[in-house]
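The values are calculated or read from the model by the stated rules, or taken from the named source; none is laboratory data. All values reported here derive from a predicted model rather than from experimental measurement. Heads up, the Cβs are rebuilt from the backbone with ideal geometry, glycines too, and the neighbour counts pull from every protein chain shown.
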Amino acid sequence: MKYDRPVYGNPNAQKSKIKLRGTLELELPAFNFPVSPKENFKLAAQRKTPYWMPSSLADNQTLMAQDLVTGDVRGMQSSADISRPAKENYTFFDWFHTNWTWVTTAGGPMLTPGFVLCDDITQWERDIIFPDLREWDFSTSATEFMRKWYDPSRVMHINIGQGATERLVSVLGGYTGAMLALASEPEAVRGFLDRFADFTISYVDLISSLYPVDLITYHDDWGTEKDTFFGEMMMEEIVFEPTKRIVNHIKSKGVLFEFHCCGNITRFIPYMIDLGMDFLQLQRRAVDIPALKHKYGDKIGFNVFVEGAVAGQAYSLEEMTNKLRDTVNLYGKNGGAYVNIFEMHPEKAWSIVSELYCYSREYYDAERS
């Protein structure tokens with residue numbers, strides 16, 4: 001069946017106003033959904049043929065870590081402080097008391113050079129103070145969000161940020177210290193990662209008591225663009241079990257687990273499958289994601305970006321249409337994929353959502369027939 005693409009600005013087009021992070025809203029085309037976006041997303045996560053390919057923009061409601069807290073959030077900050085000018089670099093301490101510098105040219109925070117919280121991993125219990133979650137006001141934001149903004153038809157998605165090995169890197173002052181610790185003090189590193197898993201589990205328990213969470217994204221970069229930071233033996237003996245406890249706990253609550261992992265981590269995909277992860281958010285320029293989808297698509301899902309689109313680059317409607325269709329053709333087979341879309345320009349967002357929905361409906365209608 002062919003689906004008509006609603007045209008932006010057409011007064012007769014059906015519209016819906018969707019709620020994004022915080023108080024942000026965006027008007028998108030309204031479709032006659034055969035099931036709710038949440039139900040459709042779950043089909044994709046189960047690697048069953050969905051009705052359309054979901055997108056982060058139209059199908060999810062996303063909250064970042066600092067969105068969860070009322071008041072001074074800089075202590076738990078892991079990304080940009082939107083109260084500061086984008087052109088200004090600045091330093092801040094996160095909730096583990098590690099020091100970061102927000103680098104505008106890089107578009108993200110980097111460990112402040114020279115800052116080391118713990119110079120000996122065998123002394124981590126002496127040097128590292130884990131956050132006391134009672135110090136932050138989580139309940140006020142949750143109450144306001146649930147009263148004003150929660151949409152039960154869409155996926156409730158929370159990005160909890162930094163994971164176990166990333167935290168190891170941050171407290172030891174960088175990757176050199178962390179890699180040396182993994183090699184020379186595996187028992188101490190494992191002890192720290194186990195304690196971090198305990199903390200993350202408590203954090204997840206708190207969040208899931210306040211929000212009806214459907215999807216959690218957990219970040220833990222395991223490689224450079226050439227290869228992984230550590231090998232299979234370290235994965236099996238040090239990293240796997242603490243990570244498994246986190247994954248198992250999240251999934252025990254009926255919540256889908258999404259793993260953000262930068263670098264060429266191709267060799268670790270079988271471990272990610274064994275860990276029970278539902279979606280992988282990988283670095284396209286470092287990993288051949290279409291090849292991974294072809295090889296492992298019956299076992300694990302992928303959260304992808306629009307294929308061939310470069311952030312910040314403008315595309316004509318025809319160019320974007322072709323890229324969206326390429327994305328569906330590459331990743332759509334048997335579900336197991338959804339698309340990241342961060343476009344906030346009203347007309348562009350409308351056109352992207354319209355084309356993705358309609359073309360993927362046509363794609364999945366054909367797959368189902």
Could you please let me know if D278 is acidic (D, E), closer than 20 Å to R154 by Cα, modelled with pLDDT of 95 or more and under 21 Å from the mean Cα position of the chain (by Cα)?
-> yes
Return the only residue of L117, L111 being over 23 Å from the mean Cα position of the chain (by Cα) and either free of Cβ contacts under 8 Å to residues at least 60 places away in the same chain or more than 30 Å from F33 (Cβ to Cβ) (or both).
-> L117
Close pairs from segment 158-174: first more than 14 Å from L117 (Cβ to Cβ) and in contact (Cβ under 8 Å) with a residue 24 or more places away in the chain, partner surrounded by fewer than 24 Cβ atoms within 10 Å (Cβ to Cβ) and among the acidic types (D, E), Cβ under 7 Å, at least 6 apart = G163/D220; A164/D220; T165/D220
Tally the residues that are among the small types (G, A, S) and at pLDDT 95 or above, restricting the search to segment 10-29.
-> 0
Within segment 41-62, tally of residues that are outside any strand (DSSP E or B), crowded, with 22+ Cβ neighbours inside 10 Å and in contact with a helix residue (DSSP H, G or I) (Cβ under 8 Å, 6 or more places away or on another chain) = 7
Hey, does segment 300-316 have a residue that's at positive phi and surrounded by fewer than 22 Cβ atoms within 10 Å (Cβ to Cβ)?
-> yes
Counting only residues in segment 117-143 that are charged (D, E, K, R) and modelled with pLDDT of 95 or more, the one farthest from G191 (Cα to Cα) is identified as D119
Output the residues belonging to segment 4-59 that are under 21 Å from the mean Cα position of the chain (by Cα) and of a type in the set (F, W, Y).
-> F41, W52
Restricting segment 319-369 to residues that are touching a strand residue (DSSP E or B) at 6+ places or on another chain (Cβ under 7 Å) and of a type in the set (F, W, Y), the residue that is surrounded by the most Cβ atoms within 10 Å (Cβ to Cβ) = Y338
Considering segment 97-138, residues that are polar (S, T, N, Q) and surrounded by 14 or more Cβ atoms within 10 Å (Cβ to Cβ), and then whichever is farthest from L20 (Cα to Cα), we arrive at T122
The listed residue being buried (at least 16 other Cβ atoms within 10 Å of the Cβ) and under 15 Å from V304 (Cβ atoms), out of L256, L282 = L282
Among the residues of segment 329-353, count how many are under 21 Å from L43 (Cβ atoms) and either at pLDDT below 95 or not in a loop (DSSP other than H, G, I, E, B) (or both).
-> 8
Kindly list the number of the only condition in (1) over 19 Å from F230 (Cα atoms); (2) free of Cβ contacts under 8 Å to residues at least 24 places away in the same chain that fails for S184.
-> (1)
